[in-house]
1. Of all residues in region 585-597 being in contact with a strand residue (DSSP E or B) (Cβ under 9 Å, 6 or more places away or on another chain) and in a loop (DSSP other than H, G, I, E, B), which is surrounded by the fewest Cβ atoms within 10 Å (Cβ to Cβ)?
2. Scan (1) closer than 21 Å to Val229 by Cβ; (2) under 31 Å from the mean Cα position of the chain (by Cα) for the single condition His315 breaks and write down its number.
3. Among the residues that make up region 622-633, is at least one of them without any contact (Cβ under 8 Å) to a residue 24 or more places away in the chain, at negative phi, part of a helix (DSSP H, G or I) and of a type outside the set (Gly, Ala, Ser)?
4. Only one of these is among the acidic types (Asp, Glu) and surrounded by fewer than 17 Cβ atoms within 10 Å (Cβ to Cβ): Glu372, Glu335. Name it.
5. Considering each residue of region 453-470, count those that are under 23 Å from Ile76 (Cα atoms) and either in contact (Cβ under 8 Å) with a residue 12 or more places away in the chain or touching a helix residue (DSSP H, G or I) at 6+ places or on another chain (Cβ under 6 Å) (or both), and give that number.
6. Can you pull out every residue in region 366-379 that is more than 24 Å from Pro462 (Cα to Cα), of a type in the set (A, V, I, L, M) and either within 24 Å of the chain's Cα centre (by Cα) or part of a loop (DSSP other than H, G, I, E, B) (or both)?
7. Please pick out the residue among Leu648, Leu614 that is part of a strand (DSSP E or B), closer than 19 Å to Asp564 by Cβ and within 21 Å of the chain's Cα centre (by Cα).
Amino acid sequence: MQKRTPRTPVPPVAPRESLSLTLHGDTRPDEYAWLRRKDDPEVIAYLEAENRYTDAMMRPSVPLQGKLYREMVSRIKETDMGVPYREGDWYYYSRTTKGRQYPTYCRRFRSLRAREQIVLDLNRLARGHPFLGLGALDVSPDGRRVAFSTDYTGFREYTLRVMDLDTGKVLPVEVPKTRSIAWSADSAALFYVTEDDAKRACRVWRHRLGRDDHDLVYEETDTRFSVGVDLARSRAHVFITSHSATTSEVRFVPAADPDAEPRLVQARRKGHEYYVDSHGEQFYIVTNDRGRNFRLVTASADRCGQRAWRELIPHRDDTMLEGVDLFARHYVLHERRDGFPRMTVVRQSDGDRHEIEFPEPAYSAFAGANAEFDTDVFRFAYESFVTPDSVYDYDMNSRKRVLLKRFEVRGGYDPKHYRTELLHARAPDGTTIPVSLVYRHDRRRRAARPMLLSGYGAYGYPEMVTFSSTRLSLLDRGVIFALAHVRGGGEMGKRWHDEGRMMQKKNTFHDFIACAEHVIAEGYTAPDRLVIEGGSAGGLLMGAVVNMRPELFRAVVSEVPFVDVINTMLDDTLPLTTGEYEEWGNPNERRAYTYMRSYSPYDNLHAHAYPAMLVETALNDSQVMYWEPAKYVARMRTLKTDGNPLLLRINMDAGHGGASGRYDYLREIAFRFAFILGVVGITD
């Protein structure tokens, strides 16, 4: 009998509709705009056809996907407990249980040997739902109630509820479309923020428990601004912060008098950002009024306007002041210098200061759970490419640290097998761009190796050098992992961000290409072995560099990519649009439109050979709508001249962050890694 040859999968063909937009004398076709119709059965059928095609193309990798998934699960301690922290009379922690997708939040009264009380079990809340997102989780200062918000779609549309922790009864408080929350000092009132139809956080409300009324405290009417609420660690004030990408304004309410009218700290001024915390009746204010990298000033709550500000820490050109943690007798400065975070402890009484030392040249360090104000112990987390997430308590007087927990990596992980390096590429304008990388040194040969080069470069967010147990599945197969610290991010302070946004956005793309060229020139990898990846704004980066230099890369993984820049930024009904005019520009202005038009990935696709591509999205994404990557793939299919795979994968039950359950998330990573390994010829 003749053996049947498997049929080659055929990608779905997206119907075209004649549609074009003329703006500033420029006419742009958008033949796939119909894919925006989320409720149209034809759209859903098309997306499902894309998923079937992707599954068919990836079917040969199913054994590898299974192997990768089992490896990833085997490295984690499935039943585990987080590090407890104290708040009031209670010790709080989270724990995970083997086989369950979500953590359970718990506490014990005064002693870790006391009986456990469950604060919130996400596994119970998730029953019957393919997705669960937790927004806020905040126990009242008296420890009697917990306010929490959940989302069951992935659209990040959270509903606020309150539960009595003594009885387990959910109170008759149910508020949709909420964001941040803050309790009053007496635990009797709850402040919360709601969003408008464009998902802009714009209204602050106050609700006194036991009453039916919800009072509007503040409304932000400028569509470029969003608003949030926060209770100071000292519990002296509730702060209401309005902020755009470049400007902020703060109001405050005494936490002991939640019915008081909010008072303004300092009226907003374009380009002036400031953020406030309180040490009793003393305000500590981080401000960029004298330089982009911020300084620290103080003022009293009674006289808190800018004229009364007294400087504690001056602006420094080489150091970004990212924030401050206030305690009764100390404060901790969170700074960034030479691309990496620093933490400086200052004693309140005499200003004595010292920097917390970290053992590796490339690392990440974050403040941990520091709920107590009257303490001399500061908790922080530390990790690097080779050091797993580690939680320390640091005595701010003796300068001694205690390692409370280093999260276990099962399966015999030994950091000595891995090596990290920090390289420096040179951008076309002469700027030096850091590239951090990690690899298994016994797999690092003279010949070029497969490499996964990742980038982001937006919003001033730095690319963090963090540990990943899942990444070991790549490293142990000889793949080098690298981060390109391109402009647009925040590695080198605000200047780094400014030089990669608005009318300088193309620096981000040129920087990434320079990093790719550098690792190739240094012999780490080669164009036929180099895979690149980025998500969201990093997906914009992927789309732009692939249009500019498609021959430089073997493959691209683009996750929830922001690729339809102009159409999205012209639609002010979408989430994020107006608030991001200060990041990308406003295309209604001719100069901004012309510049954005020159790099927008969807608008600059043209006929040539593209690398292999895996594009991932989610139907309920609220940050980058699913239709952006769907349109991008549909148009690319009509233009590409190569035979490389072009795959679109849509999670029909999730949002911007992908699957919410930890096992489901690992399956997504296993799928992605199988694609990456397959395109560089690694099949086992």
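The values are calculated or read from the model by the stated rules, or taken from the named source; none is laboratory data. These numbers come from a predicted model, not from an experiment. So basically every Cβ, Gly included, is an ideal-geometry build from the backbone, and we count neighbours across all protein chains shown.
1. If we filter region 585-597 for residues that are in contact with a strand residue (DSSP E or B) (Cβ under 9 Å, 6 or more places away or on another chain), which is where we start, we get 587-588, 590, 593-594, 597.
With the extra rule that they be in a loop (DSSP other than H, G, I, E, B), the set shrinks to 587-588.
On the way: Pro587: 23, Asn588: 13.
That would be Asn588.
2. (1)
3. Initially, region 622-633 is screened for residues without any contact (Cβ under 8 Å) to a residue 24 or more places away in the chain, giving none.
Looking for residues that are without any contact (Cβ under 8 Å) to a residue 24 or more places away in the chain, at negative phi, part of a helix (DSSP H, G or I) and of a type outside the set (Gly, Ala, Ser), one finds none in region 622-633, hence no.
4. Details: Glu335 fails: surrounded by fewer than 17 Cβ atoms within 10 Å (Cβ to Cβ).
That would be Glu372, the only listed residue that is among the acidic types (Asp, Glu) and surrounded by fewer than 17 Cβ atoms within 10 Å (Cβ to Cβ).
5. Looking only at region 453-470, we keep the residues that are under 23 Å from Ile76 (Cα atoms), and these are 464-470.
Now narrow it down to the ones that are either in contact (Cβ under 8 Å) with a residue 12 or more places away in the chain or touching a helix residue (DSSP H, G or I) at 6+ places or on another chain (Cβ under 6 Å) (or both): 464-467, 469-470.
Count: 6.
6. If we filter region 366-379 for residues that are more than 24 Å from Pro462 (Cα to Cα), which is where we start, we get 371-377.
From the residues that got through so far, the ones that are of a type in the set (A, V, I, L, M) too are 371, 377.
If the condition is that a residue be more than 24 Å from Pro462 (Cα to Cα), of a type in the set (A, V, I, L, M) and either within 24 Å of the chain's Cα centre (by Cα) or part of a loop (DSSP other than H, G, I, E, B) (or both), then Ala371 is the only one that fits.
7. Values: Leu648 fails: within 21 Å of the chain's Cα centre (by Cα).
Result: Leu614 is the single residue among Leu648, Leu614 that is part of a strand (DSSP E or B), closer than 19 Å to Asp564 by Cβ and within 21 Å of the chain's Cα centre (by Cα).
Matching residues to (1) surrounded by 23 or more Cβ atoms within 10 Å (Cβ to Cβ); (2) closer than 23 Å to Thr153 by Cβ; (3) within 19 Å of the chain's Cα centre (by Cα):
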{"residue": "Val557", "(1), (2), (3)": "yes, no, yes"}
{"residue": "Leu574", "(1), (2), (3)": "no, yes, no"}
{"residue": "Glu580", "(1), (2), (3)": "no, yes, yes"}
{"residue": "Glu583", "(1), (2), (3)": "no, no, yes"}
{"residue": "Tyr599", "(1), (2), (3)": "no, no, no"}
{"residue": "Ser622", "(1), (2), (3)": "no, yes, yes"}
{"residue": "Trp627", "(1), (2), (3)": "yes, yes, no"}
{"residue": "Arg637", "(1), (2), (3)": "no, no, no"}
